[in-house]
1. For a quick check, take a GNM of the chain with Cα springs below 10 Å and name the residue from Lys99, Lys262, Lys138 with the largest mean-square fluctuation.
2. Take the alpha-carbon centre of the stretch 54-92, take the same for the stretch 120-161, and report the distance between them in whole Å.
3. So, R0 is 25 Å and r is the distance between the beta-carbons of Glu228 and Glu129; what FRET efficiency does that work out to, to 0.05?
4. So how long is each side of the stretch 2-83 along the principal axes, counting just the alpha-carbon atoms, biggest first, in Å?
5. Go ahead and collect, in residue order, the members of the stretch 168-182 whose backbone nitrogen is under 15 Å from a label point 7 Å along the Cα-Cβ direction of Thr260.
6. Using +1 at the Cβ of each Lys and Arg and -1 at the Cβ of each Asp and Glu in the stretch 238-290, identify which of Cys243, Met289, Tyr264 lies farthest towards the dipole's positive end.
7. Would you list the P(r) distribution for the chain, with all Cα-Cα distances sorted into 10 Å bins from 0 and each bin expressed as a whole %?
8. If the only charges are +1 at each Lys and Arg Cβ and -1 at each Asp and Glu Cβ, what is the size of the charge dipole of the stretch 112-175 around the Cα centre, to the nearest 20 debye?
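Coordinate-derived values only; no laboratory data. It should be emphasised that the depicted structure is a prediction, and the values quoted were computed from it without experimental measurement. All Cβ positions, glycine included, derive from the backbone under ideal geometry; neighbour counts span all protein chains shown.
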Amino acid sequence: MRVAVLMGGMSAEREVSLETGGAIAAALRELGHEVVEVDVDPHLARKLEAAAPQAAFMALHGRGGEDGTVQGTLEVMRIPYTGCGVLASAMTIDKIITKDIIAFHGLPVIEDDVIERGYTQADVDTISEELGYPVMVKPASEGSSIGVVRVDSAADMAATLEAALELDERALVERFVDGRLFTVGVLGTRPLVLPVLEIKTTDGFYDYDAKYRPGRSEYEVPAKLDPELTVEASRLALESFKCLRCEGISRVDLMLEESTNKLYILEVNTIPGMTATSLVPKAAGAIGMTFNQVVAMLLDGARLKIDLPG
């Protein structure tokens, strides 16, 4: 099959996407496919016309790729593609909308406030009254923990919000939860929930540096977790996957609060990192799946999600 691997792009996660795309392209070639690596830019449609692929493999991270925009282009051009469709991608790129939807379905999320550009001091005061400190401040639609900052006092809030709102129109401010961080991958057209993986950082929280600098994080899969919490983490991941209309692949991040032993859903990633050392392939490896098998499963599920007339 002739497969276009869509990678790179214009988001803050471009370099990570190039690594993901390169690993996927190499796996596809080992599987016997003809591969065209496409660096996504404003000329994407022209590049796809020239490549004439039978399918597109999504390896983009962040806005302009993980947010439904490229998926929409592929739908219009009638090129089957891997992973989530336009709707799921557009919803999950926004942490605020994701939380609204999963909370509506009765799934547990951390208490938060939303701050928009043009906010007032009264909005900042509300954070102190409703959440207290410390809190986590997150741009609504950035990935790889870009712009995520812990704030320990009201004195530091204004500068942190200004930085977050330079990256996005809205910022999510969450009550800080002290506990253990887990992630659960979900794969395939008949969703397969992968083993729960625990992320352990050597210093601070799981920020961009901890994700991508060697030695800053350790991973344990299957996670050492009470059986009932393992079942609950898997259930929450699958329910999130379903209610957000995800497809093919997603990775659901969760926090287990130490003081209450309660799990909270943090976010849902619809195009998680896909190198041999990324979290979803690590979890798949725990049940005997090779990286190439994961890639093959995703390609097998490539399809158009929207029935257009004509």
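1. Lys262
2. Cα centroid of the stretch 54-92 versus Cα centroid of the stretch 120-161: 31 Å apart.
3. 0.10
4. 31, 27, 21
5. Backbone N within reach: 174-180.
6. Farthest along the dipole direction, towards plus: Met289.
7. For the chain, the binned pair fractions read 6, 27, 35, 22, 8, 1 percent.
8. I would put it at about 180 debye.
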